[in-house]
Each structure stands twice: as structure tokens, then as C-alpha cells.
1. On the protein heavy atoms, probe 1.4 angstrom, tell me the percent of accessible surface of the chain carried by carbon and sulfur.
2. What figure, in Å² to the nearest 10, do you get for the accessible area of residue 449 with a 1.4 Å probe and non-protein molecules left out?
3. With a cut-off of at most 13 other beta carbons within 10 Å, and DSSP calling the residue loop, which trypsin sites (Lys or Arg not before Pro) in the range 255-305 qualify? Please list them.
4. Relative contact order for the chain: what is it in percent, counting Cα pairs under 8 Å that are at least 6 residues apart?
5. Might you tell me the accessible area per residue for the range 262-384, computed with a 1.4 Å probe and given in Å²?
6. Too long at a 21 Å Cα-Cα cut-off: which of 38/342; 112/445; 168/380; 208/445?
7. At what distance in angstrom do the alpha carbon centres of the range 180-196 and the range 382-405 lie from each other?
8. So, with +1 on the Cβ of K and R and -1 on the Cβ of D and E, and no other charges, what is the size of the charge dipole of the chain about its Cα centre, to the nearest 20 debye?
Amino acid sequence: MKKKVMAIALAAATVVSMVGATGVSAATEVAKNDLAYKGELEIMHYSTSEESEGNGGSDGFRTTLAAWQEAHPDITLNENVLANAEYKTQIATLAAADNLPDVFLLQGMNTKAWAEQGLVMDLTDTIKASPYYDKYDQDYFTPFKVGDKLYGYPVLTGGTCTVVIYDKAMWKEAGYDTFPSTWEDVEKASEYFQEQGIDTVAFGNGGKWQANSDFLSTLGDRYTGKDWFQGLIDNSGSKFTDEAFVKALTETQHLFTETKIFNEDFNSVTNEDAREYYISGDAAAFIGGNWDESYIAATLKESDEEKYNNIGFAVLPQPADATEDPDSQNIGLGYAVAINPKVADDADKLAAAIDLAQELTGPAFSSYVAENYALSGLTKTDDVDLSKFDQITQDFYNYSYVDTTKCEIYDSYINSAVWDVLNTDLQTMMNGDMTPEDVAANAQKAYEENYK
């Protein structure tokens with residue numbers, strides 16, 4: 001299977017304009033505020049040219065960034081652009097050395113720790129003074145808050161981290177008009193697909209974060225309900241060792257080790273690899289995030305119109321012993337534009353950094369992704385006119401924002417020290433080499449030691 005290569009690249013100044021999913025011009029306009037600053041401004045992000053292929057959020061980010069640079073030619077915008085996995089590693093390294101760039105993308109799980117260490121600027125008053133504040137979707141700020149203080153402008157698009165993408169024709173041949181609503185039926189269907197030499201569901205956990213973000217966050221909600229995770233965030237009594245969460249871990253282990261639903265190499269390939277299995281027809285379905293859906297849809301629309309038109313969307317199937325919301329899927333904005341407090345040493349430079357953050361998350365970005373991809377960002381737009389989009393785009397919009405209920409993305413909250421432990425142990429557990437009880441105990445220990 002051909003692996004999609006995500007190159008590490010450095011780019012400076014102007015970013016080449018892209019073309020949106022609907023084929024319209026990617027041109028967009030930001031507010032041309034008169035900025036006094038005339039020097040260099042660093043920004044580090046992961047919207048590479050490869051990442052933006054079919055990914056509305058990354059395309060919108062790059063397009064808006066290019067528009068901002070064009071509007072401010074006296075500012076030299078130095079971009080450090082890394083592939084997603086490399087970005088996470090590098091930004092953590094820079095934070096540990098207190099050497100973060102001027103402007104960067106902050107993951108929600110790092111907010112509390114980095115704020116306490118003085119690595120991210122308190123932007124509470126700045127955000128509330130934004131000319132776009134009244135149109136901000138306030139729910140998106142939650143992962144970037146510590147108490148009443150805000151540490152970033154939520155960035156990119158509000159999209160699901162857990163969607164089942166399936167080939168309607170393949171499942172019809174297996175005897176199913178829609179993707180099954182229970183794991184028992186998925187397992188039954190896998191018998192048919194195995195006879196065809198096809199994987200039932202493609203999944204990639206090679207980066208270790210995918211099992212958490214793209215699977216367990218939703219499956220866990222089916223067992224625990226939403227109050228349990230809020231209790232973890234608030235440190236108000238919920239524990240990883242609670243019976244309901246252990247049941248979610250047990251079901252996860254069962255599905256990946258005791259059934260033949262998933263590709264055998266799920267723990268060694270990435271989500272980028274796994275979605276290629278679906279695109280090539282080697283898997284009848286795929287589980288991933290909205291960025292994967294964007295890529296799959298864009299690729300098939302160009303290369304295989306029949307398969308494109310057979311794309312269907314479904315929620316994660318419900319386990320037999322789960323009692324909570326069967327229609328939940330996790331959705332949110334996992335990153336925010338944050339500013340290094342050291343930038344405040346130069347008032348003009350700080351004003352430029354704030355202006356950049358506001359435009360990357362403001363109406364220019366939101367209008368672009370709404371009009372070109374039927375997606376939403378921090379700044380609310382008027383009702384999206386779905387009529388100009390094809391049926392697949394409309395179906396995914398309704399899946400994301402209309403027909404399903406929201407639950408939280410686990411690793412948008414708490415901190416990386418906890419998730420590093422859980423993600424590593426999850427991968428081991430999904431290989432059958434660790435018990436769910438031990439995974440829960442280790443996560444609880446890391447939580448108690450690192451999240452106060």
C-alpha cells in the first residue's frame with residue numbers, strides 16, 4: 001500500500017494560494033489594519049501543502065495566512081511548517097527549553113501546564129476586546145481556559161475526530177443497506193469481507209494518539225456519559241479506574257484483539273496509511289477524523305467518481321453493554337493560536353501578533369471554509385448555503401453539525417503527561433499485552449501526579 005509522505009518543510013513570507021474543494025478561487029480578504037510594526041514575526045504551525053490537500057481547515061489557514069502577509073508587506077512572516085506529528089514533538093521540545101516562537105498553535109491538553117509555567121500569554125482581555133468577539137462560538141474556548149483566563153484563539157475548523165466512512169455499495173453487497181449500528185453486526189459483516197480478502201474497517205494507530213482521539217473519546221462516552229469526563233476536567237471525583245471507563249477499555253481491547261474487524265497492522269500504520277486502504281478498496285470502511293474525510297473525499301472525487309458517490313457516514317457502532325448516547329461523536333477545535341509572552345517586550349510586535357491571531361480565526365477564515373467546504377470555525381458565519389454543494393458534502397455537514405450529538409475530545413483537555421501514558425498503554429493493550437485494568441491504573445496515577 002502506498003504511503004502518503006508528509007514532508008517536513010520550512011516556508012517563509014508568502015504562501016501560495018490554494019483552490020478550494022468546490023473549485024472556486026481561494027482568494028480571501030483580511031482586515032487591513034494599520035500596524036506600526038515593521039520587523040520579523042515568527043509563526044509555527046502544521047498546515048503543510050500536503051496537509052491542506054483536501055483539508056478545508058488547513059487550506060483556509062494557509063489562504064488566510066497568505067492574505068494577512070499580503071496585507072502587511074512591511075512585516076516579514078517567518079513560517080516554520082512541520083507535518084502534524086513532527087509539530088507536536090518539536091513544539092514540546094521548544095516549550096521545555098522556554099524557546100517557543102512568537103506565535104504558535106497550542107493544544108488544549110497543554111494549556112494548563114504551559115500557562116502555569118508562563119509559556120503562553122494570558123489573552124483574556126485581548127480576546128474579549130476583539131472586534132469579532134460577539135461572533136465567537138464560546139464553547140470552543142473551553143480547552144484553552146484555566147479558571148476564567150483565556151490563552152488562545154481556537155483555530156482551524158470545528159470537526160469530528162470520530163467518523164465512520166464506508167462504501168455504500170460494498171456494504172450493500174454484504175447485505176447491509178447502511179453501516180451497522182452495533183459492533184455485533186459489524187463483526188458478522190466481517191465474515192463476508194474476509195472471504196473477499198478485504199478488511200472490514202481500516203484504522204491506523206501508528207502515532208499512538210489516534211486510538212485516543214479517533215476512537216476511545218467516543219467509545220468511552222458511550223459507557224461513561226458526559227458528566228464523567230467533565231469530572232476529570234474539574235478534578236471533582238471522576239477516575240480513570242471507574243468501572244464505566246474500564247468497560248470502555250475492555251471493549252476496545254476486545255474489538256482490536258478478539259475480532260477480525262480491523263486491518264492487522266492497525267498499530268503500526270498511521271491514519272494517513274489506513275485511509276489509503278479505504279481509497280484503494282482494500283477496506284470497506286475507515287474510522288478517522290474530519291481531516292481524513294476531507295482528504296478521502298477530495299482524492300476520490302478526482303480519481304474515482306463512482307466510489308466517491310458511494311461514500312456514506314455513520315457514528316461509531318454501539319457496544320452491547322453500553323447504556324449512554326448511541327449517537328455521540330467527538331467534535332471540537334483541538335488547537336488555538338497562542339502568543340509567546342516574550343513578544344510583549346515590543347508593544348508594536350505584540351499588536352501585530354494579536355492582529356494575526358484574530359485574522360486567522362476571524363470572519364475571513366470562517367467565511368472561506370464555510371463557502372468552500374461547508375465547515376465552521378471559531379467565528380460564526382451566517383447559515384451555510386448547502387445547496388451549492390454536492391450530496392457527499394451535504395451529508396458530512398449534517399453528520400457533523402445536525403444529526404449527531406457532541407461529546408468531548410479527550411486529549412483536548414487535562415495535559416500531555418496523562419495522555420502520553422494512556423496512549424502508550426492503549427497501544428500495548430490493543431496488541432493484547434496489557435490488561436484494561438492496568439491501563440486504567442497507570443492513567444489514574446499519571447493524572448494524580450500531573451493534573452492538580
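The values are calculated or read from the model by the stated rules, or taken from the named source; none is laboratory data. Since we're looking at a predicted model, the values are computed, not measured. Cβ sites come from the backbone with ideal geometry, for glycine too, and all protein chains shown count toward neighbours. For accessibility, only protein heavy atoms count, side chains too; no ligands or nucleic acids. Shrake-Rupley method; radii C 1.70, N 1.55, O 1.52, S 1.80 Å.
1. Carbon and sulfur atoms account for 45 percent of the accessible area of the chain.
2. 110
3. On the way: sites: 260, 275, 301; in loops: 260.
Of the trypsin sites (Lys or Arg not before Pro), the ones in loops of the range 255-305 whose Cβ has at most 13 other Cβ atoms within 10 Å are 260.
4. 25
5. Numbers: 4110 Å² over 123 residues.
Value for the range 262-384: 33 Å² per residue.
6. 168/380
7. For the range 180-196 versus the range 382-405, the Cα centre distance is 28 Å.
8. With Lys and Arg at +1 and Asp and Glu at -1, about 660 debye.
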